[in-house]
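A short reminder: the numbers here are calculations on the coordinates, not readings from a lab. As the structure is a prediction and not an experimental result, all values here were calculated from the model. All Cβ positions, glycine included, derive from the backbone under ideal geometry; neighbour counts span all protein chains shown.
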Amino acid sequence: MTQTGTAVDAPPSAEGGAVPKRPATEDRRQKWRSRRYRWDAKLSPYAFISPFFLFFAAFGLFPLLYTAWASLHRVELTAPTDMEWAGLHNYTRLFEDHFFWNSLWVTFTLAVLSTVPQLLMAMGLAHLLNYKMRAASFFRVAMLAPYATSVAAATLVFAMLYGRDYGLINWFFGLFGVDEIDWKSGDWTSKIAISTIVIWRWTGYNTLIYLAAMQAVPHDLYESAALDGASRWKQFRYVTIPSLRPTILFTVVVSTIGSVQLFGEPLLFEEGAGASGGPDHQFQTLGLYLYEQGWRNLHLGRAAAIAWVMFLILVVIGIVFGLISRRLRKS
Amino acid sequence: MATLTETAPETAAPARRRRRRAPKAGEAGGQQRAGKLTYAVLLLFTAISLFPLIWTAIAASRTNERLAETPPPLWFGGNLFANMETAWSDANMGLALFNTTLVAGAIAAGTVLFGTLAGFAFAKLRFRFKNLLMLLVIGTMMVPPQLSVVPLYMAIAKLEWIDQLQSVILPFIVSAFGVFFMRQYLIQALPTELIEAARVDGASSVRVIWHVVFPAARPAMAVLGMLTFVMAWNEFFWPIIALTQENPTVQVALTSLGRGYIPDQSVIMAGALLGTLPLLLLLLLFGKQIVGGIMHGAVKG
């Protein structure tokens with residue numbers, strides 16, 4: 001059936017046919033070998049891909065579907081195996097909860113605040129790194145240092161830097177006469193502070209992705225643009241950006257998905273706040289809200305409902321970006 | 001601007017124009033050279049990238065009292081090892097580092113092995129539903145693990161795996177990205193004739209994998225291994241649910257440091273530093289390969 005299979009199987013069987021006078025056992029062995037051979041060629045692709053799909057089914061697909069099932073039940077953390085049918089109760093409770101809508105808003109604002117500046121800066125930095133320069137790999141590796149830092153370590157450091165009374169950032173602003181800013185309980189200030197952690201960790205990574213895409217842009221495009229009298233800025237605007245469109249879309253999708261899942265930063269930004277995301281829930285993201293409902297308030301069923309809402313949001317995001325990329329491809 | 005004036009005269013002789021453009025266009029690739037401003041901006045951003053890490057070390061080397069004074073310390077003090085010792089004993093850091101190495105190592109090994117096998121099949125073999133299955137793999141990259149935590153937690157609770165390392169290894173032991181990454185690499189790096197030749201010589205699939213695929217894939221396997229190790233080391237959401245402070249990974253242990261009655265900031269920073277140093281070391285040793293891996297994966301992605 002498979003073409004590789006038949007092509008590869010040909011020599012042994014042809015050989016068998018060319019020399020007909022052989023002892024019967026030899027012949028049988030030959031046949032057996034060629035049959036084993038064919039089976040091997042036919043089945044091995046499935047053997048090679050099966051570990052991935054088995055693990056994915058067990059730890060990805062099944063839990064995702066089971067989450068939907070669990071979201072229709074009353075399940076408590078104290079007895080996670082006892083499930084009591086509840087219909088859509090978890091969902092209606094969710095939509096009545098002010099903190100759910102709050103976390104939705106927080107997730108959205110944090111996504112915008114962290115993704116937009118991060119990708120713009122990454123684009124600019126990639127453009128600079130694309131020049132011929134000394135120490136190019138030093139810059140690239142140094143920009144990856146935040147990527148190698150964990151959410152936990154990074155957030156703990158930034159939580160200190162953003163301290164109201166003794167934090168280094170307020171001290172620095174104080175040198176210019178700015179009053180102490182309350183980074184941990186302010187509304188927008190805390191959101192900005194948390195976004196900077198995300199931006200700090202991921203800008204270098206995205207820079208490298210843009211740089212890779214820029215290096216793949218054919219160079220004659222720039223040369224002909226230069227011949228047409230395009231300035232450096234115009235070359236960037238009319239050659240680089242259009243060539244990078246698929247990559248830009250890719251990074252936007254990945255960063256958006258990442259920011260829908262924000263969890264560690266808001267959890268650890270203020271020690272002692274627990275999972276509430278600040279004194280007034282200013283930075284309680286959907287991920288944190290899920291954790292609070294499931295593992296602090298012990299309502300696993302409601303946590304499952306939140307997970308499914310998150311999933312639907314991601315699906316909508318996926319469809320929107322899919323439509324955008326289709327439109328881009330057409331134009 | 002300069003480009004504009006230099007290339008504007010359409011009537012200029014081609015030879016002359018070329019010579020004038022030459023110094024700007026640079027050598028073979030024709031890439032432009034970086035100016036002083038470029039270096040300045042890049043140095044500034046490098047400083048911003050590194051500053052929080054350097055400051056972690058500074059804070060870790062001070063006392064908690066000193067950190068509650070203004071101005072904040074900007075240079076190292078002499079308390080680093082005392083703080084590290086406190087973090088080590090308070091947060092179970094020794095066990096945490098051991099556990100994390102084990103977990104990240106197992107996840108990296110699994111992702112590389114299974115990713116190479118599946119990537120090879122998708123890159124070079126023909127089989128039914130191949131394109132459909134590959135689409136499924138790519139689709140699964142979009143599903144974040146947060147969505148499955150509730151049933152996973154229920155499952156490990158039932159299996160009595162809470163606090164057991166397998167509960168944080170198994171869900172991450174394969175990755176769609178790993179399959180995709182290896183597939184993209186092997187399509188180019190492994191000539192199909194090589195496999196066919198081995199098959200003609202009578203090699204079984206296992207032999208082909210061992211003697212042809214693995215050697216060809218080795219550079220990409222190394223890069224994928226490092227990328228996965230970094231990600232697994234830093235994984236936070238699932239371990240904090242599945243593990244407790246009795247048997248933590250580094251990320252779980254770090255959260256316990258901040259939870260004292262009077263949190264000792266210098267000890268917290270010492271713990272953060274301990275948890276980050278192994279990866280910074282990895283970056284220092286293999287930075288170029290890791291950068292290359294990210295960039296390689298990006299273009300193909």
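Among B:Leu282, A:Leu312, A:Leu94, which comes first, then next, by fewest other beta-carbon atoms within 10 Å? If you can, show how the numbers build up before the last one.
Working: B:Leu282 16, A:Leu312 10, A:Leu94 20.
Ordered from fewest to most neighbouring Cβ atoms within 10 Å, B:Leu282, A:Leu312, A:Leu94 come out as A:Leu312, B:Leu282, A:Leu94.
Quick one: if the Förster radius is 35 Å, what FRET efficiency do A:Ser50 and A:Ser325 give, using the C-beta to C-beta distance and rounding to 0.05? Could you put the intermediate results ahead of the total?
On the way: r = 31 Å, r/R0 = 0.90.
Once rounded, the FRET efficiency stands at 0.65.
Among A:Lys184/B:Lys158; B:Lys124/B:Lys158; A:Lys31/B:Lys124; A:Lys330/B:Lys124, which pairs are too far apart, with a Cα-Cα distance over 29 Å?
Details: A:Lys184/B:Lys158 39 Å; B:Lys124/B:Lys158 41 Å; A:Lys31/B:Lys124 26 Å; A:Lys330/B:Lys124 31 Å.
Violating the 29 Å Cα-Cα cut-off are A:Lys184/B:Lys158; B:Lys124/B:Lys158; A:Lys330/B:Lys124.
Alpha carbon centre of region B:153-179 versus region A:38-109: separation in Å?
Using only Cα atoms to place each centre, the spacing works out to 14 Å.
Compute the angle between helix A:3-18 and the longest alpha-carbon principal axis of chain A, please, reported from 0 to 90 degrees and rounded to the nearest 10.
20 degrees
Please give the residues of region A:155-173, grouped as numeric ranges, whose backbone N is less than 13 Å from a label point set 7 Å along the Cα-to-Cβ vector of A:Ser185.
A:164-165, by backbone N distance to the label point.
Between region B:118-133 and region B:134-148, what is the C-alpha centre distance in whole Å?
Using only Cα atoms, the two centres lie 18 Å from each other.
Assuming R0 = 35 Å, can you tell me the calculated FRET efficiency for the pair B:Arg128 and B:Phe214, based on Cβ-Cβ distance, to the nearest 0.05?
Details: r = 26 Å, r/R0 = 0.73.
The calculated FRET efficiency here is 0.85.
Distances longer than 20 Å among the Cα atoms of region A:226-331: what percent of all pairs is that? Write out the running numbers ahead of the final one.
Numbers: 3202 of 5565 pairs.
The answer is 58 percent, as a whole percent.
What list of ³J(HN,Hα) couplings, whole Hz, do you get for region A:282-299 from phi and the Karplus terms 6.51, -1.76, 1.60, once you set θ to phi - 60° and write x for glycine and proline?
4, 10, 8, 7, 4, x, 5, 4, 4, 5, 5, 5, x, 10, 10, 8, 6, 9
For region B:45-51, take each phi angle, set θ = phi - 60°, evaluate the Karplus expression 6.51 cos²θ - 1.76 cosθ + 1.60, and give the result in whole Hz per residue in order, putting x for glycine and proline.
For region B:45-51, the Karplus-derived couplings read 5, 4, 4, 5, 4, 8, 4 Hz, x marking Gly and Pro.
Ordered by residue, what ³J(HN,Hα) values in Hz, to whole numbers, does region A:118-134 give under the Karplus form 6.51 cos²θ - 1.76 cosθ + 1.60, where θ = phi - 60° and Gly and Pro are x?
Running phi through 6.51 cos²θ - 1.76 cosθ + 1.60 with θ = phi - 60° gives 4, 6, 5, 5, 4, 4, x, 5, 4, 4, 5, 5, 7, 5, 6, 8, 7 Hz.
Using just the C-alpha positions of chain A as equal point scatterers, what log10 of I(q)/I(0) does the Debye formula give at each q in 0.09 1/Å?
-0.72
Reachable aspartates and glutamates from B:Lys130, Cα under 18 Å, same-chain residues fewer than 8 places away excluded?
The qualifying aspartates and glutamates are A:Asp40.
Under 5 Å between amide hydrogens, which residues at least 5 positions from B:Arg33 or on another chain qualify, with H placed 1.01 Å from N in the peptide plane?
Those lying under 5 Å, H to H, from B:Arg33 are A:Lys132.
Please identify which residues in region B:118-150 have an amide N closer than 14 Å to a label point set 7 Å out from the Cα of A:Trp69, following the Cα→Cβ vector.
Residues passing the 14 Å test: B:150.
For the protein assembly as shown, what does the alpha-carbon gyration tensor say about shape, rounded, prolate or oblate, given a ≥ b ≥ c as the root eigenvalues, a/c under 1.5 as rounded, and a/b over b/c as prolate?
Values: a/c = 1.80, a/b = 1.16, b/c = 1.55.
Because a/c hits 1.5 or more and a/b fails to exceed b/c, the protein assembly as shown counts as oblate.
Please give the contour-minus-distance gain from A:Trp105 to A:Leu221: 0.36 nm per residue of separation, less the Cα-Cα distance, rounded to one decimal in nm. Could you put the intermediate results ahead of the total?
Values: separation 116, 0.36 × 116 = 41.76 nm, distance 4.28 nm.
Answer, rounded to one decimal: 37.5 nm.
Residues in region A:60-77 near a label at B:Ile162, defined as backbone nitrogen under 16 Å from the 7 Å Cα→Cβ point?
A:75-77
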